[in-house]
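Engineer: Sharing a structure, written as structure tokens. Questions coming.
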Amino acid sequence: MFCEVKTRTSDLFGVPAEAVTRQKQMRLRHLAARWLDDHAGVRATEIRFDVASVLAGRLEIVQGAF
């Protein structure tokens, strides 16, 4: 499992999870693939990308966000 964490103090510019754009998702997938290559002993039977969103002190976790 890989998790991107975004935080904001208000939703004036959108909620934190909205900051995980398609481009950011592609970058995270690439980084996860590199990490898995570097850690050959780790068996990845299922890969999941979560987003942890913190807005004004409130935590929301979106499992399998992308």
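Engineer: Restricting to bridges with both residues inside the chain, how much of the DSSP beta-bridge set is antiparallel, in percent to the nearest 5?
Structural biologist: The antiparallel fraction comes to roughly 40 percent.
Engineer: To the nearest 10 degrees, how steeply does helix 22-38 sit against the main Cα axis of the chain, on a 0 to 90 scale?
Structural biologist: 30
Engineer: Please report the relative contact order for the chain, taking Cα pairs under 8 Å with a sequence separation of at least 6, and give it as a percent rounded to a whole number.
Structural biologist: Computed over the chain, the figure is 46 percent.
Engineer: Just to be sure I understand: with springs between alpha-carbon atoms less than 10 Å apart, which residue in Leu31, Leu12, Leu55 has the highest mean-square fluctuation in the Gaussian network model of the chain?
Structural biologist: Leu12
Only the coordinates and a few stated rules stand behind these numbers; no lab work does. Everything numeric here is computed off the predicted structure, so don't read it as measured data.
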